[in-house]
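For reference, the structure discussed in these notes is given below.
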């Protein structure tokens with residue numbers, strides 16, 4: 001019966017990972033939820049074995065997820081450190097690891113914020129100065145930029 005639980009969860013994890021990259025914590029949650037749903041025996045030990053196998057096959061790598069975030073997602077959708085830390089915490093990566101990864105990259109939040117504002121320049125073009133600044137502040141705050149970054153950018157507008 002244990003073999004069936006393991007194989008069922010392993011197959012399910014392959015289907016999940018075929019669509020997108022998951023952190024170890026996300027996979028653990030999904031496998032546990034799936035195992036409870038289909039009432040698998042020896043669920044906890046099967047989940048542990050599946051995660052170990054996925055790591056062995058290099059299908060689970062939280063460091064790679066962080067690397068991909070900085071390489072692909074951050075340039076495409078600029079966010080501040082607060083939003084980044086929130087997303088990593090939601091995905092099960094520890095705050096300390098996420099903060100360390102952010103600081104290693106020497107990311108300039110002001111530059112990211114400016115890129116975001118420049119991408120929306122035409123949207124804000126016809127607005128009064130006060131309304132434009134209000135919209136920019138709201139956009140930056142919603143994307144997790146620090147209040148200091150928002151104020152510095154608004155001073156330059």
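The values are calculated or read from the model by the stated rules, or taken from the named source; none is laboratory data. For clarity, every value in this text was computed on a predicted model and none was experimentally measured. No Cβ is skipped: glycine too gets one built from the backbone with ideal geometry, and neighbour counts run over all protein chains shown.
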Among the numbered conditions (1) in the same structural domain as residue 107 (by TED's automatic domain parsing); (2) touching a helix residue (DSSP H, G or I) at 6+ places or on another chain (Cβ under 6 Å); (3) free of Cβ contacts under 8 Å to residues at least 60 places away in the same chain, tell me where residue 43 comes up short.
(1)
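So that you can scan it fast, the table gives a plain yes or no per residue for (1) more than 30 Å from residue 109 (Cα to Cα); (2) under 19 Å from the mean Cα position of the chain (by Cα):
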position: 18; (1), (2): yes, yes
position: 46; (1), (2): yes, no
position: 65; (1), (2): no, yes
position: 74; (1), (2): no, yes
Please go through segment 133-157 and pick out each residue that is at pLDDT 90 or above and either under 17 Å from residue 74 (Cα atoms) or out of contact with any helix residue (DSSP H, G or I) (no Cβ under 9 Å at 6 or more places or on another chain) (or both).
134, 138, 139, 140, 141, 142, 143, 144, 145, 146, 149
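One line per residue, one yes/no per condition, for (1) in contact (Cβ under 8 Å) with a residue 12 or more places away in the chain; (2) within 27 Å of residue 14 (Cβ to Cβ):
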{"residue": "64", "(1), (2)": "yes, yes"}
{"residue": "79", "(1), (2)": "yes, no"}
{"residue": "102", "(1), (2)": "yes, no"}
{"residue": "107", "(1), (2)": "yes, no"}
{"residue": "117", "(1), (2)": "yes, no"}
{"residue": "124", "(1), (2)": "yes, no"}
{"residue": "133", "(1), (2)": "yes, no"}
{"residue": "151", "(1), (2)": "no, no"}
